[in-house]
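Data block below; observations after.
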Amino acid sequence: MMSLLVQEKTQIAQDIFLFELVQPDHADLPAFTAGSHLLVLTPRGLSRRYSICNAPSERHRYLIAVKRDAAGRGGSVSLVDSVRAGELLHVSMPYNYFPLDEDASSHVLIAGGIGITPALAMMRDLIEKKADVKLIYCTRTPEATAFLKELSAPELAGRVLIHHDHGDRARSLDLAPLVAERNGETHIY
């Protein structure tokens, strides 16, 4: 396990907090690939996996987003309620059970809620590599949408579709037509 400094903790949406983790001496962190996660030891002693959501080219930090789930088993509540900027967190080396296929000609990323975190790292990485990528992101409401401002930026127009169903199943997004037509070696994540 590594002991990393919580450089910053910011609320980015309703019940969602972004933690910026750095080496205490500000040295580069171990390399990771898009889709990687960290095993984080919470203050309550629980181990939880959180996806790294920044681009792999940013070796000076790891960003993880944590949704505080009061009905969960206590890991997210422990992190959100107890950890402050300036404290240390014990985390594993990065692991990737959800890698990108580098041979794909295009990529379609589909995420719901806090599941945006690995998809966001993938999108950031693919954009840096000038790859063909589209993101479909479904959430209940704008207030509960992590990274809404970033993903609504004009430079991402045409690449990102954000859909809010407001908790109404009748307003769910029909994914079938969005993934029906794929060219070449398109991979869907």
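The values are calculated or read from the model by the stated rules, or taken from the named source; none is laboratory data. Remember, it's a predicted structure, so these values are computed and weren't measured experimentally. Cβ: placed from backbone, ideal geometry, glycine included. Neighbour counts: every protein chain shown. Keep in mind that these areas ignore ligands, DNA and RNA; they rest on the heavy atoms of the full protein, side chains included. Shrake-Rupley method; radii C 1.70, N 1.55, O 1.52, S 1.80 Å.
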Quick one: among LEU173, LEU89, LEU18, which has the greatest mean-square fluctuation in a GNM of the chain with alpha-carbon springs under 10 angstrom?
LEU173
Volume per residue, Å³, of the convex hull around the alpha-carbon atoms of the range 123-184?
91 Å³
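Quick one: plug the Kirkwood hydrodynamic radius of the chain (C-alpha pairs) into Stokes-Einstein at 20 °C, 1.002 mPa s, and report D in µm²/s. Kindly include the intermediate steps, with their values, before the conclusion.
Numbers: Rh = 17.3 Å.
For these conditions, the coefficient is 124 µm²/s.
Test of understanding: given the chain, find the longest segment containing no GluC sites (Glu not before Pro) that are in a DSSP loop and have at most 14 other Cβ atoms within 10 Å.
Numbers: sites that count: GLU87, GLU102, GLU181, GLU185.
Formally, the longest exposed-site-free interval is 1-86.
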Convex hull of the range 33-72 built on C-alpha atoms - directionally averaged projected area, nm²:
3.3 nm²
Share antiparallel - DSSP beta bridges, the chain, percent rounded to 5:
65 percent
Compactness of the range 1-66, expressed as Rg and Dmax over alpha-carbon positions, Å
11.6, 32
Non-local amide H neighbours of SER106 (under 5 Å, H modeled in plane, Pro and chain starts lacking H): which ones?
GLU185, THR186, HIS187
Long-range HN-HN contacts of ASP69 with modeled amide H, under 5 Å
SER76, VAL77
Would you list, by chain and number, the aspartates and glutamates whose Cα falls below 12 Å from the Cα of LYS129, excluding same-chain residues fewer than 8 positions away?
GLU102
Over the range 75-153, what portion of Cα pair distances is larger than 21 Å, expressed as a whole percent?
45 percent
How big is the accessible area of HIS90 in square angstrom, nearest 10, if you roll a 1.4 angstrom probe over the protein chains?
80 Å²
Whichever aspartates and glutamates have a C-alpha closer than 12 Å to that of LYS9, once near sequence neighbours (fewer than 8 apart) are set aside:
GLU20, ASP81, GLU87
